[in-house]
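Comments concern the structure below.
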Amino acid sequence: MKDDKTVFGFWIFLMSDAIIFGALFATYAILHGNTFGGPGGKVLFDMPFAFAETIILLASTFTVGLAVMAVNSAKVKKALAWFAVTFVLGATFVTLEIGEFSRFIASGNGPQRSGFLSSYFALVGMHGLHVTLGLLWMVFIMIQVSRRGINKFNLSNLNSLGLFWHFLDIIWIFIFTIVYLMGAIGI
Amino acid sequence: MRKETKETYSYIIGLVLALAATVLAYALVTRHVFSGEALVVAVVGLAVFQFVAQAVFFLGLGNRNRSGTWNLVVFIFMISVIVIIVGGSLWIMSNLNYLMAPSQVNGYINNQMNMF
């Protein structure tokens, strides 16, 4: 997709979306020590669990790349198959994340517990919301492609979805590092 | 080489680099290979490495065509805005913490109370 203005417009949206995440990361960096007598990241975070989430999301960003590549060489069946794999991986990721959130809330460590947990839920929840919206978008576009094939109307849409998904995994690198790994180190 | 084969290779290279960086960072932290400042520097370094690898091999940043150049321009602008927001917030809040250390906080509150 060379010189596609729609995809470039979407790219500008992604870059401004990154600034929202930047603000949430700054909030987390400032508040992560304010546990108000509650548990910190070192006690709360389940590292093998966070690692599994990371690997699943990384696998999905790879498969969405293969899907978009199939789209751009007009291979409808191949594209749909890779999008389906991406959807399953993404849905698994969201399910794991919702499980983690509900475990925290059930043990009395919801977002209202401390400044640390408020910023944690805001940052990680915002990312989860993005992944969920990406999954919805993927469902709609898969239905459209399976019924009407790939045409000039949905081509830039498909490429934008691919960029969106890659972008979400890049945000996750920093969540995994700054929230989970630094939490486990105890900083 | 066909365009598609080349793109597939690019994705596989990106995946291998990202996977290696993730596993290495996770192992360094959970196996306590080393600790303190060195560990933090290593983990942050691996994150930045993975960030660049994914931006180049997945997002196709640095592609030498017209839209690629413009993508890069917007990307660099985004990075500078984030550096200002995050760096500025951390700077100002650490200053605030320092200037409003407990004794001064109490003094401040007493001052406010006396005003009424």
Relative contact order %, segment A:61-131, counting alpha carbon pairs below 8 Å whose residues are six or more apart: 21
Rg to Rh quotient for segment A:1-119, alpha carbon positions, Kirkwood Rh: 1.09
Expected 222 nm ellipticity per residue - DSSP helices of 4 or more, -39500 (n - 2.57), all of chain A, to 500: -27500 deg cm²/dmol
FRET E, pair A:S107, A:F36, Förster distance 25 Å, beta-carbon r, rounded to 0.05: 0.95
More than 32 angstrom apart: percent of Cα pairs within the protein assembly as shown: 32
Close Lys-Lys pairs in segment A:5-185, where close means Cα under 25 Å and separation is 8 or more or interchain: 5
Largest to smallest accessible area among B:Y26, B:Y9, A:Y180, B:Y98 [probe 1.4 Å]: B:Y98, B:Y9, B:Y26, A:Y180
In Hz, Karplus ³J(HN,Hα) per residue of segment A:11-27 (6.51, -1.76, 1.60; θ = phi - 60°; x = Gly, Pro): 4, 5, 4, 4, 5, 6, 4, 4, 5, 4, 5, x, 5, 5, 5, 4, 4
Delta accessible area of at least 40 Å² on complex formation, residues of segment B:18-58, 1.4 Å probe, chain isolated as reference: B:T22, B:Y26, B:V29, B:V40, B:V43, B:A47, B:F51, B:Q54, B:F58
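Can you give the relative contact order of segment A:109-187 as a percent, counting alpha carbon pairs under 8 Å and 6+ residues apart?
Details: 25 pairs, mean separation 23.7, N = 79.
Rounded, it is 30 percent for segment A:109-187.
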A:S118 accessible area, assembled protein chains, probe 1.4 Å, Å²: 50
Surface accessible to a 1.4 Å probe, A:I19 within the full protein complex, Å²: 40
Normalised per residue, the volume of the convex hull around the Cα set of segment B:1-60 (Å³): 64
Degrees between helix B:102-114 axis and first principal axis of chain B (Cα, 0 to 90, nearest 10): 50
Helix-derived mean residue ellipticity, 222 nm - over chain B, DSSP H n ≥ 4, -39500 (n - 2.57), to 500: -29000 deg cm²/dmol
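The values are calculated or read from the model by the stated rules, or taken from the named source; none is laboratory data. Predicted model only: the values in this text are computed from it and were never measured. Heads up, the Cβs are rebuilt from the backbone with ideal geometry, glycines too, and the neighbour counts pull from every protein chain shown. Just so you know, the surface numbers come from the protein's heavy atoms only, side chains and all, with ligands and any DNA or RNA stripped out. Shrake-Rupley method; radii C 1.70, N 1.55, O 1.52, S 1.80 Å.
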